[in-house]
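Comments concern the structure below.
The values are calculated or read from the model by the stated rules, or taken from the named source; none is laboratory data. Computed from a prediction, not measured in an experiment: that's the story for all the values here. In this analysis, Cβ positions are derived from the backbone assuming ideal geometry, glycine residues included, and neighbour counts consider all displayed protein chains. Heads up: the accessible areas ignore ligands, DNA and RNA and are worked out on the full protein's heavy atoms, side chains in. Shrake-Rupley method; radii C 1.70, N 1.55, O 1.52, S 1.80 Å.
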Amino acid sequence: MGSMVMKFLILQFLGFLLFEGFIHSEASIIRHTFVVQETPYTRLCSTKNILTVNGQFPGPTLYAHKDDTILVDVYNRGNQNITIHWHGVKQPRYPWTDGPEFITQCPIQPGANFSQKILLSDEEGTIWWHAHSNWSRATVHGAIFVYPQNGTTYPFPKPHAEVRVILGEWWKSDVQAVLTEFLQTGGDPNVSDAFLINGQPGRFNLTVDHGKTYLFRMINSVMNNILFFAIAQHKITVVGTDGGYTKPLTSDYVAISPGQTIDFLLEANQQPDHYYMAAKAYNSASSVSYDNTTTTAIILYSGNYTPSSPSPFPHLPAFNDTKASANFTGSLRSLASIDHPVHVPLNISTKLFFTVSINTQPCDRNTSCEGPDDERFAASVNNITFEQPRIDILEAYYRGINGVFGYDFPNFPPVAFNFTNRTIPVEYRRSMNATKVKVLEYNSTVELVFQGTNLVAGIDHPMHLHGYSFYVVGWGFGNFDKIKDPLKYNLVDPPLQNTIAVPKNGWVAIRFKANNPGVWLMHCHLERHISWGMEMAFIVKNGKHPNAKMLPPPPDMPPC
């Protein structure tokens, strides 16, 4: 009788836990179809065909809960090769559908299809998806909203509504033609004609109710610029970035890098009126041309009133305000709560020091280019300009195909010098073309210092790592001091991100645990820099346990 009562009480208690959300039901499997196709769109009084998913620009938003699996059947009905990357998804042990062209797959050719599996794990918040082949991501991109598991809640009061804000840009000319031209000439690409908010250069309106709070889910899908964003006469409170929560950070503006996401709360607490929100480029390199337009949208308070004329406009930092950009990003902190703890690696087994640089290389014989000194622009990590293979690195690694890549990517740059000096000898500009990877042992703890350089031109570099989030434990301007700077690391509540902007002529230190076996790309998310070769790949080896080994490929991998 006693045992029966005990069983009943246990069942009652388990039922209570399930009801209260302490025990979660099985994760869901969600299926979508993506049809990549050419679609006519009109912007800035002209019409052109752009590559879209399901005819939408921006593309469809995917909704899921933490730990869900999303299956996306991608059909390429366009006129060019395509791959899709799920930016911020770690894809545990399953790099096969991560998406970067010739890194983890060969592209999906016109007329072909590929079923991609997106394995969500600890991501929670806003992440996104985008094309990862040539410059197709200019129009092929969309949001992924990852909600808390059923039975759990946000670590902040539930907002009245949520608002998707995708910052993008528009060229009147064909984007692939822009890519082709600047690669041929060796110079800088033509800048875009306008920035966009949710696909519009100035037509997006948002109606709000006074006294309500709104969760903005912001994505920077812009190709080549960090952006400043603000809302007139309103402060915002940052609560998340890159698919993770942060300590609340109140600010007058947002600085957001290409590839980055920022979740923030807006309290509609001002006098009912029409208020502009606006975004413009941050550009730290005076010699680099950039799109200097400002994109706008309007917040409309509901109710009966006569709006101001003109509507209040926000104050944005100056286009070259490096401190405003770096200080915003440097103010982010992880939540570091019982429900959302931090796991910063403390005992480091692998120390890496990577310079990220703009370089120049000679032009073809008897020709001149549009880069400095009639040469062509290049970019590098540790002075290696990445050379794209013709068989994807993951396939070559998994099948043991030789001659596709080298295993000897260096831990340090080949030459040490004053990386951020105002003048640097011209001979240091040269980089080496190669396809190399850095191999990491399973479960190794990694500290990677990115060092910006003033070669050719100092500029910010938003660095993105596939397959991982990392803790940003330190940053600063000038050259990294391996003795003094680690003493100032934040090892208590550093932000967990997948994209971090290395400030102009500065450095950033990140840490992560290499516990996700596979091949994982790391690159600058300024599209012209990755086109010039600022990328490399990590191979994380299998662990000994079956659950620490890379999963096998799907049967429909696109052929090369």
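Quick look at the numbers
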quantity	calculated
Structure-based [θ]222 nm, the chain - -39500 (n - 2.57) summed over DSSP H runs of at least 4, per residue, nearest 500	-3000 deg cm²/dmol
Heavy-atom accessible area order for 328, 319, 377, largest first, 1.4 Å probe	319, 377, 328
Inverse of mean 1/r across different Cα pairs in region 60-154, Kirkwood, Å	13.8 Å
Förster-model FRET efficiency, 22 Å R0, residue 270 and residue 319, C-beta, rounded to 0.05	0.25
Virtual spin-label span in nm between residue 427 and residue 306, 7 Å along Cα→Cβ	7.4 nm
Calculated FRET efficiency for the pair residue 250/residue 416, C-beta based, R₀ 30 Å, to 0.05	0.15
Isolated Cys residues of the chain, judged by Cβ distance under 4.7 Å to other cysteines	45, 524
Beta bridges per DSSP with both ends in the chain, % antiparallel, nearest 5	70 percent
Size descriptor, Kirkwood hydrodynamic radius, that averages inverse alpha-carbon separations across region 306-364, Å	18.0 Å
Considering only region 334-446, percent of DSSP beta bridges that pair antiparallel, nearest 5	60 percent
Where only alpha carbons of region 317-426 are counted, the Rg and the Dmax (Å)	20.4, 65
Long pairs among 117/549; 323/436; 438/482; 482/504; 351/484, criterion Cα-Cα beyond 24 Å	323/436
Per-peptide average of other Cβ atoms within 10 Å, ordering 266-273, 354-361, 69-76 highest first	354-361, 69-76, 266-273
Computed Kirkwood radius, in angstrom, where 1/r is averaged over Cα pairs of region 343-383	12.9 Å
Gain on full stretching of the segment that runs from residue 122 to residue 285 - 0.36 nm per residue minus C-alpha separation	55.0 nm
Heavy atoms of residue 545 accessible to a 1.4 Å probe, total area in Å² rounded to 10	110 Å²
Size-normalised alpha-carbon gyration radius of region 201-312, reference 2.2 N^0.38 Å	1.13
Over region 206-261, volume per residue of the alpha carbon convex hull, in Å³	97 Å³
Within-10-Å neighbourhood charge of residue 519 [Cβ basis; K, R +1; D, E -1]	-3
Computed label-point distance, nm, for sites residue 48 and residue 327 using a 7 Å Cα→Cβ extension	3.8 nm
Per-residue SASA entry for residue 492, accessible area with 1.4 Å probe, Å² rounded to 10	110 Å²
Spacing of the two label points (7 Å from each Cα toward its C-beta) at residue 548 and residue 174, in nm	5.1 nm
Residues of region 209-245 with amide N under 20 Å of a point placed 7 Å along Cα→Cβ from residue 158	209-217, 239-240, 245
Area of residue 488 that stays accessible when all protein chains are in place (1.4 Å probe, Å², to 10)	150 Å²
Structure-derived Rg/Rh (Cα atoms, Kirkwood Rh) - corresponding label in (i) 0.97; (ii) 1.00; (iii) 1.11	(i)
Taking only Cα atoms of region 79-213, radius of gyration then Dmax in Å	18.5, 56
√(5λ) per eigenvalue of the Cα gyration tensor, region 240-302, largest first, Å	25, 20, 9
Where 145, 156 fall by accessible area, highest first, once all protein chains stay in place (1.4 Å)	156, 145
Fully extended contour minus Cα-Cα distance, from residue 237 to residue 541, at 0.36 nm per residue	105.4 nm
